[in-house]
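**Q** Right, I'll just put the structure down here and ask away after.
Only the coordinates and a few stated rules stand behind these numbers; no lab work does. In this text, all values refer to a predicted model and were calculated from it rather than measured experimentally. A quick note on method: Cβ atoms are made from the backbone with ideal geometry, for glycine too, and the neighbour counts reach across all protein chains shown.
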Amino acid sequence: MSARVLVLPGLHDSGPEHWQSRWERADPSFRRVVQRDWERPDRAEWVAALETAIRQSGEPVVLAAHSLACSLVAHWAASHPNRGSVRGALLVAPADVERPDFPRSATGFSPMPMVRLPFPSIVVASANDPYVSPARAAEFAAAWGARLELLGPAGHVNAESGFGDWPQGRDHLEFLRRLSG
C-alpha cells in the first residue's frame, strides 16, 4: 500500500483550480492540512498543525507542498522527532522566505532551514517564478538533498500559470509514493 498524501498549500491556501485541489478531489487518500490562518501564517502554528496531521494519519505519509509550505516542511523536519512517518516530499515552487519582498504577514519562516531532509524529496522550480530564482531553488534542493526538476517558464506553478491537473507533477508524487511502499 502506498503512503497517504498530505496536501500542504502555501500562503492564501490553494484555490479550487490549483493542482493540489484537483489532486485532492481526484483521490480520497489525499488530505489537506488546514491551517487556522492562511493570510497571516505563523511558522510555529503551521508546524504544529503539520505535526498533528502526520500523527493523526496513522500511516506513512508523503507531503505535497507548494510555495511557503516548502519552508514549512523544512522547518518541521528540522525540529520534530516524528520524521520517520514521512516517507517523501514533493516541494513545488519553494518561496524564498529570505527575499526582501517576501510578505511580512508570514512570520517565523526565515531563515530557510538549509539542512538535509531525512526522506527522499523532489524540488520542482520554474525558470520565471516571481517568488524564487532558479539558482535559489537549486540551493534549496542541494541543501535538502532533493532531486531538482527545473521547468521552463512556468510562473509559480499554480492555477494562474495554467497547470490544471499537472500530470507531470503527479508523476513525481507517485514516484515518491512508490519509494515509500
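**Q** Taking the number of other C-beta atoms within 10 Å as the exposure measure, put LEU179, LEU8 in order starting with the fewest.
**A** Sorted ascending by nearby Cβ count, the order is LEU179, LEU8.
**Q** Could you work out the helix-only [θ] at 222 nm for the chain, with each DSSP H run of four or more residues adding -39,500 (n - 2.57) and the total divided by the number of residues, to the nearest 500 deg cm²/dmol?
**A** -10500 deg cm²/dmol
**Q** Would you indicate which of [x] 101; [y] 165; [z] 173 is the value of volume of the Cα convex hull per residue in Å³ derived from the coordinates of this structure?
**A** Only one option fits the structure, namely [x].
**Q** Separation of region 107-181 and region 6-48 by C-alpha centroid, Å?
**A** 16
**Q** Next up: Would you mind checking which residues have amide H under 5 Å from ARG32's amide H? H placed 1.01 Å from N; only 5 or more apart, or other chain.
**A** VAL7
**Q** Decide, for region 17-102, between rounded, prolate and oblate: order the square roots of the alpha carbon gyration tensor eigenvalues as a ≥ b ≥ c, take rounded if a/c falls under 1.5, and otherwise choose prolate if a/b is larger than b/c, else oblate.
**A** Oblate, because a/c is 1.5 or more while a/b does not exceed b/c.
**Q** Of ILE122, ILE54, how do they rank once you tally other Cβ atoms within 10 Å and put the fewest first?
**A** Ascending number of Cβ neighbours within 10 Å: ILE122, ILE54.
**Q** Please report, in Å, the Rg and the Dmax of region 108-181, where both are computed over Cα atoms only.
**A** Calculated on Cα positions, Rg and Dmax stand at 13.1, 35 Å.
**Q** Related question: When only C-alpha pairs under 8 Å and at least 6 residues apart count, what is the relative contact order of the chain, in percent?
**A** The normalised contact order for the chain reaches 24 percent.
**Q** Trypsin sites (Lys or Arg not before Pro) within region 67-152: which are DSSP loop residues with at most 14 other Cβ atoms inside 10 Å?
**A** ARG104, ARG116
**Q** Under 5 Å between amide H atoms, partner at least 5 residues away or on a different chain: which partners does GLY88 have, H built in plane at 1.01 Å?
**A** LEU63
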